[in-house]
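Comments concern the structure below.
The values are calculated or read from the model by the stated rules, or taken from the named source; none is laboratory data. Source: prediction; values computed, not measured. Don't worry about glycine lacking a Cβ; one is built from the backbone with ideal geometry, like all the others, and counts go over all protein chains shown. SASA here: full protein model, heavy atoms, side chains in, ligands and nucleic acids out. Shrake-Rupley method; radii C 1.70, N 1.55, O 1.52, S 1.80 Å.
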Amino acid sequence: MGLEVGLWKGMLTAEFDVFYRKRTGLLASRILTLPSTFGGSLPLENLNSDSNRGFELVIGHKRTLDNQLYYSIKGNISYARAKHEHIERAESSSQYDNWRNNNNNRWKNRYWGYKAIGQFQSYEEIAQSPVQDGQGNLTLMPGDIKYQDYNGDNIIENTDVQVIGRGSKPEIMYGLDFFAQWKGIDLSIFMQGAANSNTYLNNQMATAFHNGESSINAFTDRWHREDIYDPNSRWIAGKYPATYANGKDNNKKTSSFWLQNSSYLRLKELQIGYTIPINILKKTGLEKLRLFVSGYNLLTFTKIDLLDPESTSSDGRYYPQQKTISLGFNLTL
C-alpha cells in the first residue's frame, strides 16, 4: 500500500509505502525428513515459504526565494526484514536441537556464536573460570577472550552458542539529497547511511601474520609481555588478545568479540560548481561552461573499527576508506 502527497504546489512532498510479501512453494527436498537408510534422493518440491515486510518513507521540500536562490532537499528512510515461515526439515531430536537448528517462524539475518564477556586478566581468573579450551584451560593466557557459560554447565562448548547479533544485511537504509543554486553557483550534497547490521571480522583478524603478511597496525594495542624477550615478565593489557603466528583456537572462535556494529552515516558526495555567465561566453562562442570541484567519501560516522562499513570484505585490509577529490568542467559548444 502506498500514499503520495503533494502540498503547496510541490513545496512539500511525501511518499509512504508499506509492504508485506509472503512466498510459498519454494523448492526443497523431502530427503531431510527421511532416514539415511532410505538410500535414495527425492525430487525437489514446492515445500518451503518465507515472508518479507517493511516500509519506505520519502519527504521532500523545494523552494525559490527572490527568484534567485533555489534549493531542494529530500530525505528517505526504509526498513525491511525477512522471516522463515516454513523450512522442510527432520523432526528435532531434542529440545536443544529444536532451539538451535529449527528456523521455522524465525527471523533471517542473524549471527550465531559465543558471547564474549571480556578478556582474562590473570592466571587466577583463568583457573577459576569454566573450561573453554577442552584442556582444563591450560592453553589460555591473560588477554585471551572469555566466553559466557550460556547453559551453566561449567564447560564452554557448542551448546553455549547463541544469537549474538543481527546479520550483515542492513535492515534500515536512509539518505539525504540537498541541492542549492544561486547566481550561477550550485551546491549538491548526498549523504547515505545504514543501520541494524553487523560485520564479522573473520579469523584472519585473530592471526598475527596471515599468509605471511605484516600484522595490522591496530594490533599494536594488544596484550603483550613487558619484555618481549622475557616470558616471565608481567603482562601489559591491550584491546586485543596477544597475537600468535597462526592464531590461537580459543580466540578464533566465532564470537561477539569480533562482531562489530556496521551502522554508519557517510557524506558520499559533495560538489560545488560555478556556471560562467552567458554574456561572458558570447565572446568565446561557447554555449555553456561550468567549473566544479567534487569530493567522494569525505566523511564517515561509524563505530566500526578496521573496516569500511560499506565493504563486503571482512579481512581488515581495506579500511580506512579512500577519499577522492576531483576538479573538472562541463562544456557545451
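Among the GluC sites (Glu not before Pro) in region 64-138, which ones are in a DSSP loop with at most 14 other Cβ atoms within 10 Å of the Cβ? Mind listing them?
Listed in order of number, the matching sites are Glu91.
Quick one: Karplus J couplings for region 268-284, per residue in order, coefficients 6.51, -1.76, 1.60, θ = phi - 60°, nearest Hz, x for Gly and Pro?
Ordered by residue, 3J(HN,Hα) equals 6, 8, 9, 9, 10, x, 9, 9, 5, x, 5, 5, 7, 6, 4, 6, 9 Hz.
Normalised by the number of residues in region 35-160, what is the relative contact order in percent for Cα pairs under 8 Å and 6+ residues apart?
About 18 percent, as a whole number.
For the chain, what does the relative contact order come out to in percent, with C-alpha contacts under 8 Å and a separation of six or more?
About 13 percent, as a whole number.
So, R0 is 56 Å and r is the distance between the beta-carbons of Asp221 and Phe19; what FRET efficiency does that work out to, to 0.05?
The value I calculate is 0.80.
Search the structure for amide H atoms under 5 Å from the amide H of Glu85, placed 1.01 Å from N in the peptide plane, and list their residues when 5 or more places away or on another chain.
Residues meeting the amide H criterion: Ser49, Asp50, Ser51, Asn105.
Keeping every protein chain present and rolling a 1.4 Å probe, give me the accessible area per residue for the chain in Å².
I get 61 Å² per residue for the chain.
Indicate the gyration tensor shape class of region 28-155 (rounded, prolate or oblate), computed on the Cα atoms with a ≥ b ≥ c the square roots of the eigenvalues: a/c under 1.5 is rounded; otherwise a/b larger than b/c is prolate and the rest oblate.
Oblate is the answer for region 28-155, as a/c is 1.5 or above yet b/c matches or exceeds a/b.
Along the charge dipole of the chain, which of Tyr296, Phe178, Gly113 sits closest to the positive end, that is, farthest toward it, with unit charges on the beta carbon of Lys, Arg, Asp and Glu (+1, +1, -1, -1)?
My answer, from the dipole projection, is Phe178.
What are the aspartates and glutamates whose alpha-carbon lies under 13 Å from the alpha-carbon of Lys83, with same-chain residues fewer than 8 places away excluded?
Asp50, Glu171
Let's see if you can work this out: charge +1 on each Lys and Arg Cβ, -1 on each Asp and Glu Cβ, no other charges. What is the dipole magnitude of the chain about its Cα centre, in debye to the nearest 20?
1520 debye
Using a cut-off of 21 Å between alpha-carbon atoms, which lysines can reach Lys288, once sequence neighbours fewer than 8 places away in the same chain are excluded?
Lys288 reaches Lys183.
State the percentage of accessible surface on region 25-161 attributable to carbon and sulfur atoms; use a 1.4 Å probe and exclude ligands, DNA and RNA.
Within region 25-161, the accessible surface is 50 percent carbon and sulfur.
Could you tell me which label, among (i) 28.0, 89; (ii) 18.4, 51; (iii) 20.6, 67, carries the value of Rg and Dmax of the Cα atoms in Å calculated for this structure?
So the calculated entry is the one marked (i).
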